[in-house]
1. Can you work out the FRET efficiency for the pair A:L63 and A:E270, with r the C-beta to C-beta distance and R0 = 35 Å, to the nearest 0.05?
2. Provide the net charge surrounding A:V345, with neighbours chosen by a C-beta distance below 15 Å and charges set as Lys +1, Arg +1, Asp -1, Glu -1.
3. Run the numbers for B:A243 and B:E453: contour at 0.36 nm per residue of separation, minus the present Cα-Cα distance, in nm.
4. Would you mind telling me the antiparallel percentage of the DSSP bridges in the protein assembly as shown, rounded to 5?
5. Projecting each Cα onto the charge dipole of the protein assembly as shown (Lys/Arg +1, Asp/Glu -1 at the beta carbon, about the Cα centre), which of B:Y458, A:Q344, A:T79 comes out farthest on the positive side?
6. Which GluC sites (Glu not before Pro) in the range B:381-447 pass both tests, a DSSP loop state and at most 12 other beta-carbon atoms within 10 Å?
7. Along the charge dipole of the protein assembly as shown, pointing to its positive end and built from +1/-1 on Cβ of Lys, Arg, Asp and Glu, which listed residue (B:T76, A:A152, A:G354) has its Cα farthest out?
8. I'd like the mean, over residues of B:419-428, of how many other protein chain beta carbons sit within 10 Å of each residue's own Cβ.
Amino acid sequence: MTDAYVVGAGQSDYGSFPDESYRSLFRTAFEDAVESVPDGMDPDRIDEAVVGTLGVGGRQLGLSGPAVTEHVGLHGVPTTRVENACAASGYAVRQAVQAVKSGMADVVLAGGVEVMTDASGDAVRYWLGVSGETEWERLSGTTFAGVYAQMASAHMREHGTTREQLSQVAVKNHANGAKNPHAQLGFECSLEDAMSAPTVAEPLTLYHCCPTTDGAAAALVVSEDVVDEFTDDPIRVAGVGASSDRVGLFQRETYSGVPASRRAAEAAYEASGYGPDDLDFAEVHDCFAIAELMAYEDIGLCEPGEAGAFVESGATKLGGETPVNTSGGLKSKGHPIGATGAGQVVEAFEQLSGHAGDRQVDDPSVGLTHNVGGSGGAAVVHVLEREGVAR
Amino acid sequence: MTVGIHAVGAYAPRRRTTAEEFEAAWGSFDAPGIEQTAVPDADEDALTMGWEAATRALDAADATASSVDYLAFASTTPPLAEEDLTVRLGSLLGIPDDATRHVFTGSTRAGTRALAAAFDAAPDRGLVVVADCPRGEPHDAREHAAGAGAAAFVVGPDAPVQVRDRAERTKPYPGTRFRETGSDTVDGIDAGTYDRNAFTRPLAAAVDAVDLGDVDAAAVQMPDGKAPYRAAGAMGLDADTIAAAETVSSLGDTAAASVPLGIATALDDGAERLLAASWGSGAGADALVFERGREVPVALDTDGDEEVSYATYLRLRGEITAEEPDGGGAYVSVPTWHRSLPQRHRLVAGRCPDCGAYTFPPEGACRGCDSLVEFERVALPGAGTVEAATEIGAGGAPPEFAELQSRSGAFGVAIVAFDTEDDETATAPAMVVDDAAVGDRVETVQRRVYTQEGVSRYGFKVRRAE
């Protein structure tokens, strides 16, 4: 079986862009990805495309994949839309890897797009709840933030995690996002800002919650057979892991962790031969501050229950033992639902290529991306390495 | 007459607003003799209050819902003008589908009419549920008086409380209290002496037709705190006898539930012989004389525990608040909701015949062993422990709950591990009435969950256990 490589990745700015459409944002990401290929790539080389989107606003629910690929000139290329809530384009990247590894394609475009800020407040509130379990969870009155707040309540109760520790996630990610020109909320915030912000869903404050975002991201995944045509410094997809779980939090075995993340990470580590200690950085799914703390535990950066102390130790800051969310994460960079997973791969590609600017990790060779759908009904983890450098 | 009252349950919403609050807002309070009124929560109505009273009555009687063969529901404020609400009430309670059912409405006499009809029907185990929450225009004296409450009676043979005599009389007096078709609010012509005559004459005639004997309490219709005392002389009663069964000063006008709540209060206070004299506009009156032969269990839960300002009162009543947003909410079709009624109404979970784990709702693979099994269906008692919780703050509610939040403010949402008869628990998400934190013990209550396509959906929420 051939290996799969990421030879290019790019994204639009993340933010609120009333003058852009989901198609124009996707075009920006696509062009940025093609331009990032070190030795260049003719888009005609693309055999297949996979596009992640939830379809917030209902603007193009059917055939939303072809709707963006035909817009960028990939006329006739087989295109599939992947929907796995916030993990849509993480799964799109995984499908690209599968297409390459199966031998059916040599060059695959994996991307995602979402436009979330051009609808009325009521419409956005409606769409933000569509990935929770509808009949019981949503009709208990809860929201996306509410479900993660329930997880925070359980984590605090079981492990003594504090609001201050949740706030430290926000402070760190904003510090990183301030160095990312694509970030939606690219400004620093103080611990005091995060602690004293209005409560969204107890115990989560506004600074513990990601924004709603417009944006697109894309990655180009190629086979071992053709990788040399595009780069001399290949970045290999060393391992992929994915898992699903019950959609409603109330149906799961735990409320203080995401079992699908744990299983996805274990599978990705096993496939790659790497473990958490080998990581030079990780991009994790921090839709809410508690989600990043749970991710530390689920992907094995720290022991279960110790995430609060782990963030407090500074280990996940830029310059720390394992920097997490150097891009600013969903919290500061933004969370355009369908684009988020591919956007994490963009950051990993830039870090491993040495193009991460002010937020560059010192000479990284192995990185991980972790993308979660809903409150944990789906999760996907990729381990990426600079081939020939790692280990 | 051998059929009588075996047990009584009564309920009133916990929130109260006071005469002083109205006075501060309007410069005067126009409902004499009322100190405070009970204010239903935004998700309460006559049906949910009726459920509260009915569960207490059944508990007090140590009777199961499955033994009930006759169900009556009486209210001047049924949540729907047309639909047999005894079917939903019966489903919430778990009453068999072959029980005889009757709805009484359209008059503040509806409560006593329901009792009289049950005595005539002579069921083996009847349940008469009376609940009301009248409204008026905000400026109107009838709104100043408007309260809320419910009483329920378990009725059957060989009862401790027997009906000794009863009569009814009418006198044609239009205009004294009426609610036009399609309107939510009661109105009246406020014609002084005419109104007083319309109230007093039918009551006096009905009471005159019964053998009153030496009653130590008289539950007389209480549209405000003055009307029953004004009619006392004509009925041959003194003020103390009326005061012994009065609820209007602390609950407000509870319309069809007014006299039933008075009966509950008087029996709870130990009355031996009791007059129940209701009045309904048109006008007519019922008089029933009860006598207690032995102890009768009464479960009253009518105390208030939270005073609200007039502004909060207006919010709770939906006078100044948002309606459901145009965008609509989560779409759960009525047939989908219908399939979940055993779960929404009676917390029916599935027990796995293989591993013993509970799955709620009982569908799909077992959450213990992931096998596709035929669940054994078990109605859970409704007590549980909060395992995860948060509060959805102002403005944060999903659109389908925006109106609820606009009216009653932030609400809690919890994941609850419900007790089962085994060591296992069954987990379910639930909206929280008031508030509850992780580790708290809670119990289910029935409330209106939301309304979509004109159909109100009722189901369980949880409230901290007392």
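What follows is calculated from the coordinates using simple rules that are stated; it is not laboratory data. It should be emphasised that the depicted structure is a prediction, and the values quoted were computed from it without experimental measurement. Quick reminder, even Gly has a Cβ in these numbers, built from the backbone with ideal geometry, and neighbours come from all protein chains shown.
1. Details: r = 36 Å, r/R0 = 1.03.
Computed FRET efficiency for A:L63 and A:E270: 0.45.
2. On the way: positive: A:R94, A:R236, A:K333, A:R386; negative: A:D32, A:E283, A:E347, A:E350, A:E385.
After counting each charged neighbour, the total is -1.
3. Residue separation times 0.36 nm, minus the Cα-Cα distance, leaves 71.1 nm.
4. DSSP beta bridges in the protein assembly as shown are roughly 75 percent antiparallel.
5. Checking the options against the dipole of the protein assembly as shown, the answer is B:Y458.
6. Loop-located and lightly packed - B:E421.
7. Positive-most Cα among the choices belongs to B:T76.
8. Shielding by partners across B:419-428 averages 1.
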